[in-house]
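Scroll down for the structure; my scribbles are underneath it.
The values are calculated or read from the model by the stated rules, or taken from the named source; none is laboratory data. If you're wondering where the values come from, they're calculated on a predicted model, not measured in any experiment. Cβ coordinates were reconstructed from backbone atoms using ideal geometry, including for glycine residues, and neighbour counts include every protein chain displayed. For the accessible areas, the whole protein counts, side chains as well, though only heavy atoms, and no ligand, DNA or RNA atoms are used. Shrake-Rupley method; radii C 1.70, N 1.55, O 1.52, S 1.80 Å.
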Amino acid sequence: MLASLSLLGWPRGAPALSILIYHRVLPSPDALRPGEIDAARFEAQVAFLARHFTLMTVGDAAAALREGRLPARAACITFDDGYADNWTVAHPILARHGVRATVFVATGFLNGGRMFSDTVIEFVRRVPGPVLDLSAADMGTHAVATVEDRLTAVTALQVQLKYLAPAERDAQVARMLAAVPVSGLPEDLMLSDAQLRELAQAGHEIGGHTVDHTVLTTLTPEGAREQVARGRDQLAALLGRPIRSFAYPNGRPVRDYDAGHAAMLRELGFEAAVSTSPGVALPGADLFQLPRYTPWGDSMTMFAARMMRNARMRRPFAVV
Ligand SMILES: [Zn+2]
């Protein structure tokens, strides 16, 4: 089926760089993580991308853009946050297809950390049914009789936590866990130092993503600089190599980062940064606001169609 899929209709003209966003690659589908891809679907996508695109790391693609030598149809596979399955599940697939990816790591979660969204999922997976009563934590009561109920509860709880300030959110998560204690929450979701080194040694680029995954616009300019520089320095010390690229946490222009942050990254010596604004990067693109997007659908036909639609959005939204 892959051979019959083509990119007929791909916009002609200047070379274009498509940068894809992934977070996790699950060993098998997980009903409580419907937004995450599993190994089989990822392998199909990597095979398709390797057939139709020149796949590059973000640092290499930015250098090619800067030097006017971007291949006609270039793409980057990127992973955000630093999940262990980037090494255990995604890497073997990438290696089979000779592809190098870019992994943006929030260093504060390395070695056993857990992001709040994952804590919610793993908590709701483990609570006894049929009703989750979180009134003691001021978080309402939720039906958890079926998998569908649990997924609805996950979404509701994530929304309640998402917009809290980081310290307040940590405290609220602690109240949630105290209200209905569960055991066995996983402590191996994120990369360890050793896994991170293996990823880098295998040829993948490791980029910055702050320490605590704090949205830069919620910090003072000094605070943002500290989060970015400290994350970068930790990665550089662990890997013994300079860190060239950065992914803005959440990544939406204006709301999550501004022109001052882009200038600050340049000043700190980064060569490129990626947003989560869709579109492709053309020659002359702002290397500190490279667009990225999440194209996948349930089928490879949908995946290819979405990549093409994204490539037609020639002017990504950016801050100026
Ligand atoms: Zn992230």
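Would you mention how many residues in segment 235-253 are in a loop (DSSP other than H, G, I, E, B), out of contact with any helix residue (DSSP H, G or I) (no Cβ under 8 Å at 6 or more places or on another chain) and more than 16 Å from the ligand (Cβ to nearest atom)? Steps first, please.
Step one: of segment 235-253, the residues in a loop (DSSP other than H, G, I, E, B) are 240-244, 248-252.
Filter once more, keeping what is out of contact with any helix residue (DSSP H, G or I) (no Cβ under 8 Å at 6 or more places or on another chain): 240, 250-252.
If we keep only those that are more than 16 Å from the ligand (Cβ to nearest atom) too, we end up with 240.
Residues in segment 235-253 being in a loop (DSSP other than H, G, I, E, B), out of contact with any helix residue (DSSP H, G or I) (no Cβ under 8 Å at 6 or more places or on another chain) and more than 16 Å from the ligand (Cβ to nearest atom): 1 in total.
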Pairs, please: C-beta under 9 Å, at least 6 apart or cross-chain, first residue surrounded by fewer than 18 Cβ atoms within 10 Å (Cβ to Cβ) and in segment 279-298, second β-branched (Val, Ile, Thr) and modelled with pLDDT of 95 or more?
-> THR294/ILE21; THR294/THR276
Picked from segment 208-224 (must be away from the ligand (no atom under 13 Å from the Cβ) and closer than 25 Å to GLY112 by Cα), the residue least open to solvent (accessible area, probe 1.4 Å) is ALA224
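Just checking, does segment 215-234 include any residue being assigned to a loop (DSSP other than H, G, I, E, B), among the polar types (S, T, N, Q) and modelled with pLDDT of 95 or more?
Looking for residues that are assigned to a loop (DSSP other than H, G, I, E, B), among the polar types (S, T, N, Q) and modelled with pLDDT of 95 or more, one finds at least one in segment 215-234, hence yes.
Is it true that some residue in segment 23-37 is assigned to a helix (DSSP H, G or I), open to solvent by 30 Å² or more (accessible area, probe 1.4 Å) and in contact (Cβ under 8 Å) with a residue 60 or more places away in the chain?
No: zero hits.
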Does ARG232 satisfy being more than 14 Å from the ligand (Cβ to nearest atom) and open to solvent by 10 Å² or more (accessible area, probe 1.4 Å)?
-> yes
Within segment 103-120, is even one residue more than 16 Å from the ligand (Cβ to nearest atom), among the basic types (Lys, Arg) and touching a residue at least 40 places away in the same chain (Cβ under 8 Å)?
-> no
Return yes when GLY82 is within 16 Å of the ligand (Cβ to nearest atom) and on the phi > 0 side of the Ramachandran plot and no when it is not.
-> yes
Pick from segment 72-88, criterion assigned to a strand (DSSP E or B) and either among the small types (Gly, Ala, Ser) or surrounded by fewer than 22 Cβ atoms within 10 Å (Cβ to Cβ) (or both), ranking: farthest from the chain's Cα centre (by Cα) = ARG73
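Tell me the residue from ALA262, ALA273, ALA311 that is touching a helix residue (DSSP H, G or I) at 6+ places or on another chain (Cβ under 6 Å) and crowded, with 16+ Cβ neighbours inside 10 Å, please.
On the way: ALA262 fails: touching a helix residue (DSSP H, G or I) at 6+ places or on another chain (Cβ under 6 Å); ALA311 fails: touching a helix residue (DSSP H, G or I) at 6+ places or on another chain (Cβ under 6 Å).
None of the other options fit; the residue is ALA273.
Going by the structure shown, is GLY251 at positive phi and surrounded by fewer than 21 Cβ atoms within 10 Å (Cβ to Cβ)? Working first, answer last.
On the way: at positive phi: yes; surrounded by fewer than 21 Cβ atoms within 10 Å (Cβ to Cβ): no.
In short, no.
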